[in-house]
Amino acid sequence: MKRATQYIHAGTEPDPSTGAIMTPIYQTSTYVQEAPGVNKGFEYARSQNPTRKALEEAYAQIENGKFGLAFSSGVAATDAVIKLLLPGDQVIAANDMYGGTYRMFTRIFAKYGIQFTYTDTTDIENIRKAITPNTKLIWIETPTNPLMNITDIAAVATIAKEHKAILCVDNTFASPYLQNPLDLGADIVMHSATKYLGGHSDVIQGCLVMNDPELREQLYFIQKSCGAVPGPMDCFLVLRGIKTLHVRMQRHCENGEKIAYFLRNHPKVAKVYWCGFEDHKNYSVAKKQMRGFGGMMSFTLKDDSIENAKRVLSSTKVFALAESLGGVESLINHPASMTHASIPREERIKNGLTDSLIRLSVGIEDVDDLMDDLNQAIG
Ligand SMILES: *Cc1c(COP(=O)(O)O)cnc(C)c1O
C-alpha cells in the first residue's frame, strides 16, 4: 500500500459493534470478565485499551515496523528505552540532541549507574572510538534539534550490529513521511508524537516502534509496569493526526524550502541551518536517507547580539513565540533560553548552539504571509 493510503487507514477498522468509521474513544479503566481470567483480551486499561491498540498498530505500520507502543509523552518513550539497561551499561548518544533527552540522561539515569558518552555522531568514526565492551545502546537523533545535523543511520546500524548494541533513532524531526529508520537497520524508532504525528499542537504523546518480538515484550513490560500510558482521547487525537500526515508534510516541505532560501538570501541573516541545502555538510547522507527536508530550520543574524535576536523573536505576528514544533501553525523559538535551556552554556556553545540562534517550525500557512512576517520582524 502506498503511504498516503496507509496513513489514512493504518490501524483503523470500522467499529465492529456499531460500524462507526472512526475509532471510538474507549474511556474505560477496566473490562468485565465472563469468569476469572476469561476475557476478550482486555483486563485493565493500563495494560490494554482498544483506542490505544488501534494507534499502536498505526504507529507500527507508518514506520514499516511490526510493533508499536504508545507512551504518555516523547520523554516517557525515551525513559522506557533506557529502562532496558542495567547499571554499568554504556550509552553512546549524540552531543547535539533534544535538551529533554540530555537532561533525562544526565540528571535522572546517570545516578543509577548508566554511563553516557556524548559524541558528534555525524562523523561515525566518533562512534567507533566511543564503543566499549559495555556499550548496549546507541541513541541518535537525525536531523538534530536545532542545528539540523544529519547522522548516517545505516552506517551507525552496521556498527551497532557488530557490537550487539541496540540502535534507537529519535525520528521526531523527520516524521515517518520523510524517513524510516527501521528500514535502514535501526532496532527502535522513537517519536515525540506531540509534534508532526499529532500535528495540531493539541496533545502530548510519544511512541516506540520495533521489529524484534523479544524487544517488544521487554518494552511492553516496561510500559505496563511503569505506567506512562496515554489516555484514549489522546490516542484518538494522534490517530486523527496521522490521517493527514502526508498532506501536511508535503506543505511543510514546500514552505520550508521557500523559507530556507528566503532567509539565506536575506541581507541581515548570517547563517541558515537547513538540511536541504546542497552545501549542507551532510547533504549527501540526508538525500540518501530522507525523502524530503521538512520545515525545521535555525538561523543566526549578522548582528549577532542577543538583544537583536530577542527583538526578532518578539516581533513576529504570524510565527508564534513558543516551544514545540510540527503543528500546522508556524512557531519561532529561542533554543538558548527555551527548549535547550537545560544544556549547560559551555556545552551548548561548543556544539554550535549560540545565544542568538533562532529556530523555526515552518507551518502550513500561506508561505507569502510567512515570508512577509519574517521580513518585517528581521527589519
Ligand atoms: C519534543 C521532543 C521530544 C520530547 O517529546 P515530548 O512529547 O515533549 O515528551 C523528544 N525528542 C525530540 C526531537 C523532540 O522534539
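Multiplying the sequence separation of residue 254 and residue 314 by 0.36 nm and subtracting their Cα-Cα distance, what value in nm do you get? The partial results should precede the final answer.
Working: separation 60, 0.36 × 60 = 21.60 nm, distance 2.54 nm.
Length difference between fully extended and current span is 19.1 nm.
Within the stretch 259-274, which residues have the backbone N less than 18 Å from the label spot 7 Å out from residue 366 along Cα→beta-carbon, could you tell me?
259
Just subtract the alpha-carbon distance of residue 322 and residue 33 from 0.36 nm times their residue separation and send over the number in nm, one decimal.
Working: separation 289, 0.36 × 289 = 104.04 nm, distance 4.64 nm.
Computed gain between residue 322 and residue 33 is 99.4 nm.
Angle, helix 153-162 long axis vs. longest principal axis of the chain, Cα atoms, 0 to 90°, nearest 10?
Compared with the principal axis, the helix lies near 50 degrees.
Accessible area per residue of the stretch 246-378 at 1.4 Å probe, in Å²?
44 Å²
Pairing the Cα long axis of helix 367-378 with the longest principal axis of the chain, what angle in degrees results, from 0 to 90 and rounded to the nearest 10?
50 degrees
Take the solvent-accessible surface of the protein heavy atoms, probe 1.4 Å, and return the percent of it on the stretch 232-289 that carbon and sulfur atoms account for.
Working: 1390 of 2740 Å².
Taking all protein chains in place, the stretch 232-289 shows 51 percent carbon and sulfur surface.
I want to check the label-to-label distance for residue 161 and residue 261. Put each point 7 Å from Cα in the C-beta direction and report it in nm to one decimal.
3.9 nm
How large is log10 of I(q)/I(0) for the chain at q = 0.07 Å⁻¹ when the intensity is taken from the Debye formula with one equal scatterer per alpha-carbon?
So the normalised log intensities work out to -0.31.
Can you tell which of 318, 338, 294 lies farthest toward the positive end of the dipole of the chain, using +1 and -1 charges on the Cβ of basic and acidic side chains (Lys, Arg; Asp, Glu)?
Value computed over the given set: 338.
What is the magnitude of the charge dipole of the chain about its Cα centre, with +1 placed on the Cβ of each Lys and Arg, -1 on the Cβ of each Asp and Glu, and no other charges, expressed in debye to the nearest 20?
Numbers: 39 positive and 42 negative charges, 75 e Å.
So the magnitude is around 360 debye.
Just to verify a number: FRET efficiency for residue 342 and residue 120, C-beta to C-beta distance, R0 = 25 Å, to 0.05?
Working: r = 20 Å, r/R0 = 0.79.
Between residue 342 and residue 120 the formula returns 0.80.
Over the chain, calculate the relative contact order: mean separation of alpha carbon pairs under 8 Å at least 6 apart, over the residue count, as a percent.
On the way: 766 pairs, mean separation 65.7, N = 379.
Relative contact order of the chain: 17 percent.
Hey, got the dipole for the stretch 246-378? About the Cα centre, +1 on K and R Cβ, -1 on D and E Cβ, debye to the nearest 20?
On the way: 18 positive and 18 negative charges, 98 e Å.
The calculation lands at about 460 debye.
Let a ≥ b ≥ c be the square roots of the eigenvalues of the Cα gyration tensor of the stretch 195-322; is it rounded (a/c under 1.5), or, if not, prolate (a/b larger than b/c) or oblate? Don't jump to the answer; show the numbers that get you there.
Values: a/c = 2.27, a/b = 1.77, b/c = 1.28.
In terms of gyration-tensor shape, prolate.
Once you keep just the Cα pairs under 8 angstrom separated by 6 or more residues, what percentage relative contact order results for the stretch 246-378?
On the way: 208 pairs, mean separation 39.2, N = 133.
Reported relative contact order: 29 percent.
Taking the Cα atoms only, what angle lies between the long axis of helix 213-226 and the longest principal axis of the chain, rounded to 10 degrees?
Computed tilt is about 90 degrees.
If the elastic network links every pair of Cα atoms under 10 Å, which of 136, 287, 111 fluctuates the most in the Gaussian network model of the chain?
Per the Cα network of the chain with a 10 Å cutoff, 111 tops the list.
Given points 7 Å out from each Cα along the Cα-Cβ axis, report the residue 233 to residue 247 separation in nanometres with one decimal.
It is 2.5 nm.
Once fully extended, how much extra length lies between residue 40 and residue 1, figured as 0.36 nm per residue of separation less the alpha-carbon to alpha-carbon distance? Kindly include the intermediate steps, with their values, before the conclusion.
On the way: separation 39, 0.36 × 39 = 14.04 nm, distance 2.99 nm.
Between residue 40 and residue 1, full extension yields an extra 11.1 nm.
Using helices alone, I'd like the mean residue ellipticity at 222 nm for the chain: each DSSP H run of four-plus residues gives -39500 (n - 2.57), total over residue count, nearest 500.
Working: 14 runs with 136 residues, N = 379.
So the calculated ellipticity at 222 nm is -10500 deg cm²/dmol.
With a 1.4 Å probe and all protein chains left in place, how much accessible area per residue does the stretch 80-149 have, in Å²?
Details: 2730 Å² over 70 residues.
In whole numbers, the stretch 80-149 has 39 Å² accessible per residue.
What percentage of the solvent-accessible surface of the stretch 1-118, computed with a 1.4 Å probe over protein heavy atoms, is contributed by carbon and sulfur atoms? The partial results should precede the final answer.
Values: 3370 of 6070 Å².
Carbon and sulfur: 55 percent of the exposed surface of the stretch 1-118.
The values are calculated or read from the model by the stated rules, or taken from the named source; none is laboratory data. Computed from a predicted model, the values in this text were never measured in an experiment. With ideal geometry, Cβ positions are generated from the backbone for all residues, glycine too; neighbour counts draw on all protein chains shown. In case anyone asks, the SASA skips ligands and DNA or RNA and just uses the protein heavy atoms, side chains included. Shrake-Rupley method; radii C 1.70, N 1.55, O 1.52, S 1.80 Å.
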